[in-house]
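The values are calculated or read from the model by the stated rules, or taken from the named source; none is laboratory data. All values reported here derive from a predicted model rather than from experimental measurement. Every residue, glycine as well, gets a Cβ built from its backbone with ideal geometry; the counts of neighbours run over all protein chains shown.
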Amino acid sequence: MSDKISLTGLNSTEITETLGLSPAFRGKQIFQWIGKGAESFDEMTNLSMAIREELKQKAILRSSSVTKVLRDSDGTIKLQITLKDGLAVETVLLTDKEDRKTACVSCQVGCAMNCAFCQTGHLGLARNLEAGEIVEQFLYLEKHAGPLDNIVFMGMGEPMINLENVRKAISILTDKEGRALSGRRITLSTSGVIKGIYDLADNGPNIRLAVSLTTADKDFREQLMPIGRTNPLEDLRKAIDYFAKKTGKRVTLEAALLHNKNTTEESARNMINFARGLDVHINLIPWNPVAGLPFSEPTTAECHSFLQKIEQAGINVTLRTRRGREIGGACGQLGKTLLDSQGNGKKLQNVNYQ
Ligand code: SAH
Ligand code: SF4
């Protein structure tokens, strides 16, 4: 582990102050290079050789490294990124029909929320990612795929549990002096941490929100997603309403469809009742298989029939196509390469979420 300062988690003022740079615009120059994807100080050609040498002694530009690259013929790219302490996360690039590129980034190593249908949930949680470690995922994906259009916090982990570092990463990526990504192109996905939804609505940043509803069948949701026991559906609905009204932004409700579990007539009715009156868009995601879990993929007919029921009730709804099948799936299936490389499906050290 290097004891040099890692710069990806700092804005230009912080770079100037931390490195004691003079004049102050040096920090801005370095910050601009980082946003452009520079991985070495020697790429920073508007800095003198002497300054570059001095910087190399004090700082590093990346604290993590790419240790595996998987490519699917549908354009999906998955990177395994190893962190400074040897732990690893996965990050994914998704390309849609219009050729728009979206980074699906992780915010934690594993996840403590323990959702029954999710690969990451079965890893447990090792630790939160630092802001720079989140920024680096985005920069590595841009290196592999060219400029990206969107960023979604739908990789490993629950962003509301690491909100301060997620905020900092967003402030760096949206900074006008750096990568200057638009907040309209950023989505945070939560399993339903109500306090976090209010916090985001009241304190920003001004980004989009997705909530993993999965099902509006109360008891079944509580079984599938333990967070539902302390953050109940009625209160979650109020928080979503508050967010949509406060920010003027439509909220996405995500639902991973599990064969014969949350696709029934009654499930459709419950979902319609939950969504009615809210400014939401429902995104149905056929569940991606995870070995060893007691669920199976829904059939295409089952997904379409569920979609139709919601549509007929006049609710905005779409069915997402499966991505990244050849490389062990995309969002919601992350962690497989870590289990493989850490051996014997060993769980990460578990931390309980209260
Ligand atoms: N922790 C956050 C964000 C990461 S999970 C959250 O739960 O919202 C990203 C999305 O993948 C969630 O909507 C989750 O419900 C979904 N998901 C999890 N496992 C899945 C699987 N095996 N197949 C399809 N979607 C899955
Ligand atoms: Fe964590 Fe999201 Fe997976 Fe639930 S669905 S275990 S919150 S990553």
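The sole residue among E158, E164 that is within 16 Å of ligand 2 (Cβ to nearest atom) and either of a type in the set (D, E) or in contact with a Lys or Arg (Cβ under 9 Å, 6 or more places away or on another chain) (or both) is E158. Residues in the stretch 282-317 that are closer than 24 Å to A116 by Cα and among the charged types (D, E, K, R) were compared, and the one that is surrounded by the most Cβ atoms within 10 Å (Cβ to Cβ) is E302.
For the structure I just gave you, tell me whether T263 is closer than 20 Å to L224 by Cα, at pLDDT 95 or above and within 16 Å of ligand 2 (Cβ to nearest atom). Taking the combined requirement at face value, the residue does not satisfy it.
Within the stretch 115-137, the presence of at least one residue that is modelled with pLDDT of 95 or more, under 28 Å from L257 (Cα atoms), small (G, A, S) and in a loop (DSSP other than H, G, I, E, B) is confirmed.
Within the stretch 216-236, at least one residue is over 27 Å from I151 (Cβ atoms), surrounded by 21 or more Cβ atoms within 10 Å (Cβ to Cβ) and more than 12 Å from ligand 1 (Cβ to nearest atom). Please give the number of the condition Q80 fails out of (1) in a loop (DSSP other than H, G, I, E, B); (2) in the same structural domain as A131 (by TED's automatic domain parsing); (3) surrounded by 13 or more Cβ atoms within 10 Å (Cβ to Cβ). The number of the failed condition is (1). Does at least one position in the stretch 271-281 carry a residue that is closer than 17 Å to T321 by Cβ and modelled with pLDDT of 95 or more? The answer is yes, given that some residue of the stretch 271-281 is closer than 17 Å to T321 by Cβ and modelled with pLDDT of 95 or more.
Scanning the stretch 36-61 for residues that are touching a Phe, Trp or Tyr at 6+ places or on another chain (Cβ under 8 Å) and either under 18 Å from G155 (Cβ atoms) or polar (S, T, N, Q) (or both) gives no hits. Taking each residue of the stretch 1-25 that is basic (K, R) and looking for partners that are loosely packed, with under 12 Cβ neighbours inside 10 Å with beta-carbon atoms closer than 9 Å, six or more apart or interchain, yields K4/Q57.
Okay, residues lined up against (1) within 16 Å of ligand 2 (Cβ to nearest atom); (2) surrounded by fewer than 20 Cβ atoms within 10 Å (Cβ to Cβ); (3) over 30 Å from T230 (Cα atoms):
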{"site": "S48", "(1), (2), (3)": "no, yes, yes"}
{"site": "K68", "(1), (2), (3)": "no, yes, yes"}
{"site": "C107", "(1), (2), (3)": "yes, no, no"}
{"site": "V135", "(1), (2), (3)": "no, no, yes"}
{"site": "F153", "(1), (2), (3)": "yes, no, no"}
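For the stretch 146-256, give me every one of the helices (runs of 4 or more DSSP H) that falls completely inside it and has 3 or more residues that are closer than 23 Å to G277 by Cβ and modelled with pLDDT of 95 or more. It would help to see each step written out before you state the result.
Values: elements: 163-174, 194-203, 218-224, 227-230, 233-247.
Filter on the stretch 146-256 gives 194-203, 218-224, 233-247.
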